[in-house]
Amino acid sequence: MIPNRGPAVLGVTGATDLPAAADVVVIGGGVIGVTTALELARAGHDVCLLEKGVIAGEQSSRNWGWVRQAGRDLRELPLSQVARSRWQALAEEIGPELGYVECGIAYVARSPEQADRHRRWVAEATRLGIRAEIADVKTLAPGLIADCATALYLPGDGRAEPQVAAPLFARLAIAAGATVLQGCAAYEIERDAKGISGVRTEQGRIATTRVVLAGGIWTSALLHRLGISLPQLKVLSSVCRTEPLSPEQRRAFSPCLSLGDLALRHRADGGLVAANSDTMVAEIVPDSLRYLRAFLPGLRSTFRGMKLRIGRGTLRELGWLASAGALERSLTRHRILDPTPDAPALARVKDRLADRFPALAGLQQGQAWGGMIDVTPDAIPVISEVPALPGLIIGTGFSGHGFGIGPGAGVALAALATGAKPEVDLTDFRFSRFKDGRLQLQSWL
């Protein structure tokens, strides 16, 4: 049993032996990697997924569980539409165990300026065929006491249970023929004169000419071993769940709800998931300095609530600079990276919940956990080939909104891995954008 303070994830029985070769190797057993493997396996490709710990052990089981299009960067909307159709199809195939419910998602406007941004976003989304509206807050959240009138609302958005979603998708991938190997860290992606040649793992070497690197916060470090620079950092998000609500308490609000500094959703077990959504913690590591210039614009706007600190991650990643084997030891020592949640942030969650929803005052916290989010300077992901290294495909940097878009990203990454034409234009997610263009930041929420 791997120590884990996060939500208990559904178990997956996968392979135990590393195959000698595969058409495609997927590194990372979160929702991005798992859905990529699922799409590849169902298309008839020989795919092997490598996960150092357990499926969904890190951020894919620790997120809010929102399946949203609401308020996304406009560049993500076409991919989010693909994702929503895949969620619907997978939910129909799997059944209620997935916990997928189209309950709606609402972002409350906290100022006239924000309400105006919401109206402009609705106009853009409507143009793409997405059902979006400006709704009355009291209709959506009758138990809310706050000086706000409207919300950006998408009734077709919803939620699912993160601790079971990726494992259930992994079970489908295995049934379709994918090899899913847990407890097997990928140490190094190997290359030759033609491109990718294999992956060296703690169980030995697997030959392949195509790798999909979907390693979350570990992605940048693995790329660094190839001499490839990807500006990506990690931030701590702290989340808690509550005891089950009474029927009266459940009527306090219906959709997944963001109040700017407080995010809430109903759980399948009758409780709530609650998070402080206006502050995050980032440890200062070597990459913080290496990529400081790329992140400065975002730090001034998108990441206004960032708190910096020196911690265990600082020392751990300094060690990676000193020893070639230090990263490998970290990968096996931290089968599940299980950070301590930010206690002051969770205390504010409790206070804000009581202040905004009197009916929910006094709810007991059932569990709290921390999760590490992989972020890029423009807060949108990299879903891309790497022109300098044929056969390498990257899916990372989902910046805290990868769960809902995950199945769409899996479709796109599988297409890239097989040379097929993706369903949507991936130009905005290209790896090279950090060097060949000015990064575009958007703020709709």
Fill in the blank from the handout: Note: probe point = Cα of Asp46 + 7 Å toward Cβ; backbone nitrogen < 20 Å; residues of segment 168-182 passing the test are 173-182
Handout entry: Of Leu98, Leu223, Leu272, farthest towards positive along the dipole that unit charges on Lys, Arg, Asp, Glu beta carbons give the chain
Key = Leu223
Fill in the blank from the handout: At 25 °C and 0.890 mPa s, the Stokes-Einstein diffusion coefficient in µm²/s for segment 1-65, with hydrodynamic radius from the Kirkwood sum on alpha carbon pairs, is 191 µm²/s
Practice task
Can you tell me which of 259-265, 204-210 comes out highest on packing, and rank the rest after it, using the mean Cβ neighbours within 10 Å?
Solution key: 259-265, 204-210
Problem - Charge dipole (debye, nearest 20) of the chain; +1 at Cβ of Lys and Arg, -1 at Cβ of Asp and Glu - result: 780 debye
Practice task
Holding the Cα-Cα limit at 30 Å, pick out from Lys307/Lys421; Lys307/Lys350; Lys307/Lys435 the pairs that are longer than that.
Solution key: Lys307/Lys421
Practice task
Work out how much length Ser323 to Asp23 would gain on full extension: take 0.36 nm times their residue separation and subtract the Cα-Cα distance, in nm to one decimal.
Solution key: 104.8 nm
Exercise for the section: Could you tell me which of rounded, prolate or oblate describes segment 287-359, using a ≥ b ≥ c as the square roots of the eigenvalues of the alpha-carbon gyration tensor, with rounded for a/c under 1.5 and, failing that, prolate when a/b is larger than b/c and oblate otherwise? Expected result: oblate
Problem - Rg to Rh, two decimals, where segment 58-127 supplies the alpha carbon set and Rh follows Kirkwood - result: 1.03
Handout entry: Sequence-distant residues sharing a close amide H with Lys307 (under 5 Å, placed H)
Key = Met280, Val281, Ala282
Practice task
From zero up to wherever the largest Cα-Cα distance of segment 100-167 sits, split into 10 Å bins and tell me the percent of pairs in each.
Solution key: 21, 42, 28, 9, 0
Completion exercise
The extension gain from Asp351 to Lys307, computed as 0.36 nm times the residue separation minus the Cα-Cα distance, is 13.8 nm
Practice task
Treating cross-link reach as a plain straight distance, find the aspartates and glutamates whose alpha-carbon is under 18 Å from the alpha-carbon of Lys234, omitting any fewer than eight places away in the same chain.
Solution key: Glu58, Asp278, Glu283, Asp287, Glu317, Asp338, Asp342, Asp374, Asp378
Fill in the blank from the handout: Once both label points are put 7 Å beyond Cα along the C-beta direction, the Thr314-Ala175 separation in nm becomes 4.9 nm
Exercise for the section: Could you list the square roots of 5 times each eigenvalue of the Cα gyration tensor of segment 341-445, that is, the equivalent ellipsoid semi-axes, sorted largest first and rounded to whole Å? Expected result: 38, 15, 13
Exercise for the section: Would you calculate the volume per residue, in Å³, of the smallest convex hull containing every Cα atom of segment 135-260? Expected result: 209 Å³
Exercise for the section: Provide the FRET efficiency to the nearest 0.05 for the Thr427-Ser229 pair, computing r from the beta carbons and using R0 = 22 Å. Expected result: 0.60
Practice task
Can you quote the Å³ per residue value for the convex hull of the Cα atoms in segment 203-296, rounded to an integer?
Solution key: 192 Å³
Handout entry: Relative counts (whole %) of C-alpha pair distances in segment 42-185, using bins that are 5 Å wide
Key = 2, 9, 15, 17, 17, 14, 11, 7, 5, 4, 1, 0
Handout entry: Helix runs (DSSP H) in the chain reaching 18 Å along axis by Cα, Kyte-Doolittle at least 1.0
Key = 162-175, 402-418
Practice task
Would you mind putting 41-49, 322-330, 58-66, 344-352 in packing order, based on average other-beta-carbon counts within 10 Å, highest first?
Solution key: 58-66, 41-49, 344-352, 322-330
Completion exercise
Residue span Arg110 to Ala361: 0.36 nm per residue of separation minus Cα-Cα distance leaves a gain in nm of 88.2 nm
Problem - Charged-residue dipole, Cβ positions (Lys, Arg, Asp, Glu), segment 1-56 about Cα centre, Debye nearest 20 - result: 280 debye
Handout entry: Spherically averaged projected area in nm², based on the convex hull that wraps the Cα atoms of segment 326-371
Key = 4.2 nm²
Completion exercise
In segment 258-412 the accessible area split gives carbon plus sulfur, as whole percent at 1.4 Å, a share of 56 percent
Exercise for the section: With +1 on each Lys and Arg Cβ and -1 on each Asp and Glu Cβ, and nothing else charged, work out how big the dipole of segment 279-355 is about its Cα centre, in Debye to the nearest 20. Expected result: 120 debye
Problem - the chain, helix-only ellipticity at 222 nm - DSSP H runs n ≥ 4, -39,500 (n - 2.57), divided by all residues, nearest 500 - result: -9500 deg cm²/dmol
Exercise for the section: Determine the percent antiparallel among the DSSP beta bridges restricted to the chain, to the nearest 5. Expected result: 65 percent
Exercise for the section: Using R₀ = 45 Å, calculate the FRET efficiency as 1/(1 + (r/R₀)^6) where r is the Cβ-Cβ separation of Ser288 and Arg120; round to 0.05. Expected result: 0.85
Fill in the blank from the handout: The Cα extents of segment 306-400 along the principal axes, largest first and rounded to whole Å, are 57, 29, 23
Handout entry: Dipole-positive endmost among Gly28, Leu152, Gly6 within segment 1-156 (Cβ charges, Cα centre)
Key = Leu152
Practice task
Classify segment 39-90 as rounded, prolate or oblate from the Cα gyration tensor: take a ≥ b ≥ c as the square roots of its eigenvalues, call it rounded if a/c is under 1.5, otherwise prolate when a/b beats b/c and oblate if not.
Solution key: oblate
Fill in the blank from the handout: Percent of all alpha-carbon pairs of segment 236-375 at distances over 20 Å, whole number, is 55 percent
Problem - Rg over Rh, two decimals, the chain (C-alpha only, Kirkwood Rh) - result: 0.95
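The values are calculated or read from the model by the stated rules, or taken from the named source; none is laboratory data. Just so you know, these numbers come straight off a predicted model, no measurement behind them. Reconstructed Cβ throughout: ideal geometry from the backbone, glycine too, with neighbour counts over all protein chains shown. For the accessible areas, the whole protein counts, side chains as well, though only heavy atoms, and no ligand, DNA or RNA atoms are used. Shrake-Rupley method; radii C 1.70, N 1.55, O 1.52, S 1.80 Å.
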